[in-house]
1. Can you name the residue in the stretch 136-171 that is surrounded by 16 or more Cβ atoms within 10 Å (Cβ to Cβ) and among the aromatic types (Phe, Trp, Tyr) and is also farthest from the chain's Cα centre (by Cα) among such residues?
2. How many residues are within 19 Å of residue 108 (Cα to Cα) and over 23 Å from the mean Cα position of the chain (by Cα) if we restrict to the stretch 172-215?
3. Pick from the stretch 81-98 the residues that are aliphatic (A, V, I, L, M) and touching a Phe, Trp or Tyr at 6+ places or on another chain (Cβ under 8 Å): which of them is surrounded by the fewest Cβ atoms within 10 Å (Cβ to Cβ)?
4. Considering only the stretch 113-152, how many residues are touching a residue at least 24 places away in the same chain (Cβ under 8 Å) and in contact with a Ser or Thr (Cβ under 6 Å, 6 or more places away or on another chain)?
5. Quick one: is residue 59 at pLDDT 90 or above and hydroxyl-bearing (Ser, Thr, Tyr)?
6. Based on this model, can you work out whether residue 80 counts as under 30 Å from residue 165 (Cβ atoms) and not hydroxyl-bearing (Ser, Thr, Tyr)?
7. For the stretch 114-125, check the following and say yes or no: at least one residue is of a type outside the set (Val, Ile, Thr), over 27 Å from the mean Cα position of the chain (by Cα), at pLDDT below 85 and assigned by TED's automatic domain parsing to the domain that holds residue 75.
8. Filter the stretch 40-60 down to the residues that are touching a Ser or Thr at 6+ places or on another chain (Cβ under 7 Å) and touching a residue at least 12 places away in the same chain (Cβ under 8 Å), then identify the one that is surrounded by the most Cβ atoms within 10 Å (Cβ to Cβ).
Amino acid sequence: MNHYKHMKKTYWLFLAPVLITLFLVIVLPFIYGIYTSFTNSNGLTMSFIGLTNYKQLFSDQRFLESMNITFWFSIFSVILVNIIGLGLGLLVTTIQGKFATFLRTTFFVPNLIGGVILGFIWQFIFIQAFSAIGSTTGIPFFDNWLATSVSGFWALVIVFVWQMSGYVMLIYISFLTSISQTVLDSAKMDGANAWQMFWYIKFPTVAPAFTISLF
């Protein structure tokens, strides 16, 4: 019993620095930010004004439009990132050897690119590369991609999915590689095809990863 108590104290002792840091850097500012939203703070002074800020906010048409765009951006981005990330995870876990390692690295590299560089890269693609493709092929789809709100919305989705799919791929890979090869070999011997192996063996295994990837 004493050994168990000692282990428990040691466990919390090692966790304490991280927990304290998270509380000071994330939890405390979050709570303070919520309180500040009920005041007329200008950064130096504040007084409590109740729901006045929220009433003004939700009567602002531009804010409501922004919320609508953010909502649909989140829906499409989360769905596409998870689908593509799972697809990439299945691909690299199916391939063996150094080529699989090369693909993992290649797919993950976009996640390491900083925001400013990322913006310049895709600005060049959407404005110059797409315009060149459109003028060469005569397809209007590639013209003026950043000129309208609709095409601009999908441009943001594309950039986000391109950057984050490799990161989500790693999460799915960690679950896919936990599947016993014996189970997969047994399924093959029983005549299971690729779709059946995915739906009845791999998909249930990676299901918890959806929760992680969602957040």
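The values are calculated or read from the model by the stated rules, or taken from the named source; none is laboratory data. These figures come from a predicted structure and were not determined experimentally. Please note: Cβ atoms are built from the backbone with ideal geometry, for glycine as well, and neighbour counts cover all protein chains shown.
1. 142
2. Total satisfying the criteria: 0.
3. Residues of the stretch 81-98 aliphatic (A, V, I, L, M): 81, 83-84, 86, 88, 90-92, 95.
Next, only the ones that are touching a Phe, Trp or Tyr at 6+ places or on another chain (Cβ under 8 Å) stay: 81, 86, 88, 90, 92.
Working: 81: 23, 86: 25, 88: 22, 90: 18, 92: 24.
Among them, the one singled out is 90.
4. Within the stretch 113-152, residues that are touching a residue at least 24 places away in the same chain (Cβ under 8 Å) and in contact with a Ser or Thr (Cβ under 6 Å, 6 or more places away or on another chain) number 0.
5. Answer is yes for this residue.
6. The answer is yes for residue 80.
7. Checked the stretch 114-125: no residue is of a type outside the set (Val, Ile, Thr), over 27 Å from the mean Cα position of the chain (by Cα), at pLDDT below 85 and assigned by TED's automatic domain parsing to the domain that holds residue 75.
8. Per the stated criteria, the residue is 53.
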